[in-house]
Structures are given as structure tokens and as C-alpha cells.
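S.K.: This is the structure I want to talk about, given as C-alpha cells.
Taken together, the values in this text are just the output of simple stated rules run on the coordinates, not laboratory data. Being a predicted model, the structure only gives us computed values, none of them experimental. For neighbour counting, all protein chains shown are included, and Cβ atoms are generated from backbone atoms with ideal geometry for every residue, glycine included.
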Amino acid sequence: MIWFMRTLCAGLLLGFTLLLAAAPLAAQTPAPGTPQAPREIYIALGFGDPVFEPMVWQASASERDDRTTATWVSTTYGALGHAEYLHFTGGYEPENLSAFFDNEWFNVSFKDYDDWQRTTRCSFDGVALYEFQLDMGGQQYVMRYWIQPVTPTRILTMHLVFPVAQADLLDEYSQRFAPLAWKCDR
């Protein structure tokens, strides 16, 4: 009887373990004939495909409930590119975006910098472009920051940061990202 109980418990334990191991696979496998949308992490990384060369820029990405982010870092240039694909589940009102992306938004976004100043703002067919000067540890940087509605529930923010000495590269990479909205006229 004891042998039977041990065998039964071992069999149940093995069966339960196999069931748990297969559950994630089943949860990630779409039903036959169901089209699968690309994961947003790939969408966020895709915004950088025409901009950043893989040999010069290291890419990383993450997904959260409220946003999907992609970051590109170049130690060669001492530069950074960062995209946030923001989720607005209930949608957003385009006319209220400037109130959403206010100084408090930028204070939080630029919390790692010692100081930041907006130098200009312009817009191109619904795309807002901000230009900034930043300071971190005595090093001066220039930044371009785009805010672009993509869908009724998604907004892309993208910024490029270069040391002041590399400002010409900021122009080059800005043109790659937004050929028609790469710089505010002064």
C-alpha cells in the first residue's frame, strides 16, 4: 500500500510539473489562423533602425504597462538616443499634448541632469520638436526631443543627446530620424 501511494504521488507530481512547464508555451502560441501583432518592443526598436548603426550604437529595450522604451548608446560619440512609445489606453486629445508634456514632464525626464534649459520649440504637421541644452557633471550636451502621435492610443517621444562638441552629429542623426522635422529654425 505504501509503495502504491508513493508511486501515485510521484506520478501526480511529475504530471503536474509537465503541465506547468507546458503552460507558458501554450499561452504564447496563438490559435491557428489568428494573426499575431508584433510585440511593441520590436516596434520601439524599429524607430531606430534607419538612424543608428549597430556597429556604433548599443541597443536595449523594455516593456511596461504604460510604455515601451528603446535606448541606443554610443560610447564612440558619448551620445544617447531614447524612444518611449507611450500607452494611452483611453486615447488622448491632440490639443492637450502640450499641457501633458509640460515643464514637470521634462523635470522628471531629465532628473539625471544637473541642469536643463529649453532653447526652442517648433512643430511640423503634428510633430512637436523641442531643443535643449543640458549639463551633467560639468559636461555640456545638446538635445532634440520629438513628440509624435502615432495611433489614437500611442505617442512616440524620441530624443537624441550629444556632447556640445559633437553638435554636428546631432544634426546628422536628427536628419536621419526626422528628415522633414529635424531642427527648429532660429
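S.K.: Explain nothing, just compute: Karplus ³J(HN,Hα) = 6.51 cos²θ - 1.76 cosθ + 1.60, θ = phi - 60°, for every residue of the range 111-118 in order, whole Hz, x for Gly and Pro.
M.R.: Computed from phi, the couplings for the range 111-118 are 4, 7, 8, 6, 7, 8, 9, 6 Hz.
S.K.: Using θ = phi - 60° and the Karplus form 6.51 cos²θ - 1.76 cosθ + 1.60, what ³J(HN,Hα) does each residue of the range 126-138 get, whole Hz, x for Gly and Pro?
M.R.: Here the 3J(HN,Hα) series is x, 9, 8, 10, 10, 10, 9, 10, 10, 9, 9, x, x Hz.
S.K.: Taking θ = phi - 60°, what integer Hz values does the Karplus form 6.51 cos²θ - 1.76 cosθ + 1.60 yield along the range 82-91, in sequence order, with x for Gly and Pro?
M.R.: 9, 10, 10, 9, 7, 9, 10, 3, x, x
S.K.: Okay, moving on. Roughly speaking, what is the centre-to-centre gap between the range 119-186 and the range 61-105 when only Cα atoms are used, to the nearest Å?
M.R.: First find each Cα centre; the distance between them is then 12 Å.
S.K.: Under a point-charge model restricted to the Cβ atoms of Lys and Arg (+1) and Asp and Glu (-1), what is the dipole moment magnitude of the range 47-104 relative to its Cα centre, in debye to the nearest 20? Write out the running numbers ahead of the final one.
M.R.: On the way: 2 positive and 10 negative charges, 57 e Å.
For this selection, approximately 280 debye.
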